[in-house]
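Please read the structure below before turning to the comments.
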Amino acid sequence: MKLFLDTANLAEIRTMWEIGILDGVTTNPSLVAKEGRVFEDVLKEICALGVPSVSAEVVATEKEGMLKEGRYLAALHPSIYVKCPMTSAGLAATKVLAAEGIRVNMTLVFSANQALLAAKVGATYVSPFIGRLDDHGEDGMALIRDIVQIYRNYHFATQVLAASIRHPVHVLDAAKAGADIATLPYGVMEKLVTHPLTDIGLARFLKDWEKVPKSVRVSPSDR
Ligand code: E4P
């Protein structure tokens, strides 16, 4: 399963990229607005790190506008995936962009039927928003399971990108359901790394190590 960061913050992306656990980045207009920076500059800097998949969203709502923006964004760097919203215009634009070889991430997906349509027009990723469904009193993870099953039934190549993740259990359940990718806020990705028993265990090992007789010639870093 691939793990993406859902952010437009360079420091956050750099931190996870340097650890080596990051497979991609998703941005959206709200995340970009938080940074107060020029969109293209942010995208180019993320791509320059070597991140292989960077989703950038169009803001046009009509097909022609989406095509224009999508082609422009895709031309900025080979790692860019164009995000189109799940609307009639978004589906029509995705069909054209996909035929041109531009990889599309269909976003704002809230039903399995929408995901079926995204696959039919050739989207590379489909992004079901599980946290927002949960917030709305629905079962976001059931949607992931339904989409995975439908795509398997018909051998669609579209990858399921679990989005709007709120906590580590969402990541675990998305992985169990067979999602190809999960995109996580920075705080959630941090929580995947840490466990209090790891910290307690490490502290105990280091304390016990102090009791071990040491060779005068070998420092710990030479071990
Ligand atoms: C996905 O690509 C979106 O950016 C995202 O996951 C939205 O999540 P939110 O519901 O936390 O805004």
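The values are calculated or read from the model by the stated rules, or taken from the named source; none is laboratory data. Predicted model, so just to flag it, every value in this text is computed and none were measured. Quick reminder, even Gly has a Cβ in these numbers, built from the backbone with ideal geometry, and neighbours come from all protein chains shown.
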Being closer than 30 Å to GLY187 by Cβ and touching a Leu at 6+ places or on another chain (Cβ under 9 Å) narrows it down to one residue among SER30, SER111, SER53; which is it?
SER111
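Residue by residue through the range 173-223, note down the ones that are assigned to a helix (DSSP H, G or I), acidic (Asp, Glu) and modelled with pLDDT of 95 or more.
Kept after step one, since they are assigned to a helix (DSSP H, G or I), are these residues of the range 173-223: 173-177, 186-193, 196-209, 220-222.
Now restrict to residues that are acidic (Asp, Glu): 173, 190, 199, 208, 222.
Once the filter is applied, which keeps residues that are assigned to a helix (DSSP H, G or I), acidic (Asp, Glu) and modelled with pLDDT of 95 or more, the range 173-223 yields ASP173, GLU190, ASP199, ASP208.
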Could you check the range 52-75 and list, in sequence order, the residues that are in contact with a helix residue (DSSP H, G or I) (Cβ under 8 Å, 6 or more places away or on another chain), over 14 Å from THR107 (Cα atoms) and in contact (Cβ under 8 Å) with a residue 40 or more places away in the chain?
none
Scope the range 155-176; condition within 11 Å of the ligand (Cβ to nearest atom) and crowded, with 19+ Cβ neighbours inside 10 Å; matching residues
LEU161, ALA162, ALA163, SER164, ILE165, HIS170
Residue pairs, Cβ under 8 Å, 6 or more apart or interchain, first in the range 103-125 and free of Cβ contacts under 8 Å to residues at least 60 places away in the same chain and charged (D, E, K, R), second assigned to a strand (DSSP E or B) and more than 10 Å from the ligand (Cβ to nearest atom). List them.
ARG103/TYR81; ARG103/VAL82
